[in-house]
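Structure, as structure tokens:
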């Protein structure tokens, strides 16, 4: 998914060369940097997936769902009041 993302490609083109030593072979350096990125990205995605799974189990409880709905509704009501009270410049 990240390999075809244009933002990721631009990031690598702009950021990666700063860590490549011109006095050494470039390909092995790029392989190491790429493997490091893939490892860290995999770990990051795995942690987010585990956290999302845990939150899903917690949000399915009726009491937690009620609390989340009330907090969300309260924020929306406050945002409406703030919008109504805001002065136009």
- Message: Can you tell me which residue is surrounded by the most Cβ atoms within 10 Å (Cβ to Cβ) among those in the stretch 1-50 that are within 18 Å of the chain's Cα centre (by Cα) and assigned to a loop (DSSP other than H, G, I, E, B)?
- Response: 2
- Check whether at least one residue in the stretch 66-74 is in a helix (DSSP H, G or I) and within 23 Å of the chain's Cα centre (by Cα), and report yes or no. yes
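Since every read-out is calculated from the coordinates, none of them should be taken as a lab result. Computed from a prediction, not measured in an experiment: that's the story for all the values here. FYI the Cβ positions are ideal-geometry reconstructions off the backbone, even for glycines, and counts take in every protein chain you see.
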